[in-house]
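Engineer: For reference, the structure I am asking about is given below.
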Amino acid sequence: MDLYEGLPEPVAKAWERGLTSGRAAMSRRRLLRAASLAAAGSALAACGIPPAAGSKGEAPEDTPDYSRKEKVLNFANWPLYIDVDEKNKKKRPTLDRFERESGIKVKYVEDINDNNEFYGKIKPQLAAGQDTGRDLVCLSDWMAGRVIRQGWAQRLDPANLPHAVTNLEDRFRAAAHDPGRQYSYPWAGTACIVAYNKKATKGKKVTSVTQLLEDESLKGRISMLTEMTDTIGLTMLDMGVDSEHFTEDDFNAAIARIQKAVDRKQLRRFSGNDYMDELNSGDIAACLAWAGDVVQLQLDNPDVEFAVPDRGYLFGTDDLLVPAKARHRSNAEALIDYYYQPKEAAELAAWVNYICPVSGAKAEMEKIDKELAEAPLIFPDERMIAKGKNFRPMSAKEEARYEEKFSKLIGA
């Protein structure tokens, strides 16, 4: 069975695009120095997915928890998304410490290379009411929301999450995809912004999508992302449209605006995380970029700068949740709560360089790396926080329409 069977063609194409060039392919800490990751791909284990076991929107509450008897935890995460010992790459300092302190043995696997591809792997078991073999998974907010709405996530017990409940920063508590944070907690925050190479721009600051699309001095040296929500979302914000409350006409207007720039060859291309090499070298003068990537590049290249557009940037989270029928919910809650201690959160953020969702972590970061403690892309100030906007949830029909239009725009 084909991985994308049953999906509208434009959505299937968008999923496939994400595997090779979208945020799925996004680098984590020091990817420029790391070996290339092997491409992950798998077909669904079975065809004819049965209806979901349980009504949509209601997580099964009758799943037995074997955590007391079985001190194990199966944790699925993205590649390069946890701290690693510089001298021994097999060691993960914070995770190793959790195992020692809790007595829980963690099987940590990096088998999430794309939200949709991973969803395809676990959907047959979830739909059949079966254990996926994973007790804890890390999914981008929109995908976490899909799993929650399907009734395929276990409700978390606040009594087991004292640090998480206390230390989750306020701005992460209001989540459209999980009101009240009943099913998920952020592993990290993400931000799509504008980046530029000041050597390539001859000192000119690039601070808006308008400059990317219209500045003649940058013609042919601009890139935007193959991720529809980021590229269209930022363009709408630049046009004065709220990405959290846009209409079909708003979406179409953003497409048309970018198309004009494509037609007059303002854009060099649409890219995934491979923009990093070109931005680093100056072949791309300015682009849309993911904040974590920019922090990584700045470690080695002082010419790389970023700008938070005055009209806002695209904000999101990668969330931890416990799949339905997972055997070890309490063990998973113990790990979530462990990473909401400021010291552990700071150690994690110092390595992954994404937005830290834990109150008190900045003070701990100052003990590790004072420069990172002041990095607004890891610890945003109030001004930056206020500018963060989500891309509003889409219905299945809207997603199909929008992805088809975006695919035509980028030539996918």
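Engineer: From Ala153, Ala127, Ala159, which residue is open to solvent by 40 Å² or more (accessible area, probe 1.4 Å), farther than 24 Å from Ile255 by Cβ and of a type in the set (A, V, I, L, M, F, W, C)?
Structural biologist: Ala159
Engineer: I would also like to ask the following. Could you pull out the residue among Arg311, Arg264, Arg268 that is open to solvent by 10 Å² or more (accessible area, probe 1.4 Å) and either of a type in the set (A, V, I, L, M) or closer than 21 Å to Val241 by Cβ (or both)?
Structural biologist: Exactly one residue qualifies, and that residue is Arg311.
Engineer: Pick from region 215-238 the residues that are modelled with pLDDT of 95 or more and assigned to a strand (DSSP E or B): which of them is surrounded by the fewest Cβ atoms within 10 Å (Cβ to Cβ)?
Structural biologist: So, considering only residues that are modelled with pLDDT of 95 or more and assigned to a strand (DSSP E or B), the one surrounded by the fewest Cβ atoms within 10 Å (Cβ to Cβ) is Ile222.
Engineer: If you don't mind, another one. Taking Thr201 as the residue in question, decide whether it is of a type in the set (Ser, Thr, Tyr), under 17 Å from Pro393 (Cβ atoms) and open to solvent by 10 Å² or more (accessible area, probe 1.4 Å).
Structural biologist: No: the conditions fail for Thr201.
Engineer: Still on this structure, I have one more. Residue by residue through region 92-124, note down the ones that are without any contact (Cβ under 8 Å) to a residue 60 or more places away in the chain, surrounded by fewer than 20 Cβ atoms within 10 Å (Cβ to Cβ) and more than 17 Å from Glu333 (Cα to Cα).
Structural biologist: Arg92, Val109, Glu110, Tyr119
Engineer: Shifting gears a bit: Can you pull out the residues in region 341-359 that are open to solvent by less than 10 Å² (accessible area, probe 1.4 Å) and polar (S, T, N, Q)?
Structural biologist: Across region 341-359, the qualifying residue is only Asn353.
Engineer: Go through region 240-278 and count every residue that is within 16 Å of Asp215 (Cα to Cα) and of a type in the set (Val, Ile, Thr).
Structural biologist: 2
Engineer: I've got another one for you. Has region 167-181 got at least one residue that is touching a helix residue (DSSP H, G or I) at 6+ places or on another chain (Cβ under 8 Å), assigned to a loop (DSSP other than H, G, I, E, B), modelled with pLDDT of 95 or more and closer than 29 Å to Leu80 by Cβ?
Structural biologist: Going residue by residue through region 167-181, those that are touching a helix residue (DSSP H, G or I) at 6+ places or on another chain (Cβ under 8 Å) are 167-168, 171-173, 175-178, 181.
Subset that is assigned to a loop (DSSP other than H, G, I, E, B): 173, 175-178.
After this cut, where a residue has to be modelled with pLDDT of 95 or more as well, the list is none.
No, region 167-181 contains no residue that is touching a helix residue (DSSP H, G or I) at 6+ places or on another chain (Cβ under 8 Å), assigned to a loop (DSSP other than H, G, I, E, B), modelled with pLDDT of 95 or more and closer than 29 Å to Leu80 by Cβ.
Engineer: Starting from region 259-286, keep only residues that are farther than 7 Å from Ser223 by Cα and of a type in the set (Ser, Thr, Tyr), then list their pairs with residues that are open to solvent by less than 20 Å² (accessible area, probe 1.4 Å) and at pLDDT 95 or above whose Cβ atoms are within a distance under 7 Å, requiring at least 6 positions of separation or different chains.
Structural biologist: Qualifying pairs under 7 Å: Tyr275/Ser223; Tyr275/Ile284; Tyr275/Cys287.
Engineer: For region 362-379, give me each residue that is buried (at least 23 other Cβ atoms within 10 Å of the Cβ) and free of Cβ contacts under 8 Å to residues at least 40 places away in the same chain.
Structural biologist: Met365
Engineer: Given the conditions (1) buried (at least 16 other Cβ atoms within 10 Å of the Cβ); (2) of a type outside the set (S, T, N, Q); (3) over 23 Å from Ala174 (Cα atoms); (4) free of Cβ contacts under 8 Å to residues at least 60 places away in the same chain, report the number of the one that Met394 does not fulfil.
Structural biologist: (3)
The values are calculated or read from the model by the stated rules, or taken from the named source; none is laboratory data. The shown structure was predicted, so the numbers you read here are calculated from the model rather than taken from an experiment. As a convention, Cβ positions derive from the backbone with ideal geometry for all residues, glycine included, and neighbour counts pool all protein chains shown. With ligands, DNA and RNA removed, areas are computed over all heavy atoms of the protein, side chains included. Shrake-Rupley method; radii C 1.70, N 1.55, O 1.52, S 1.80 Å.
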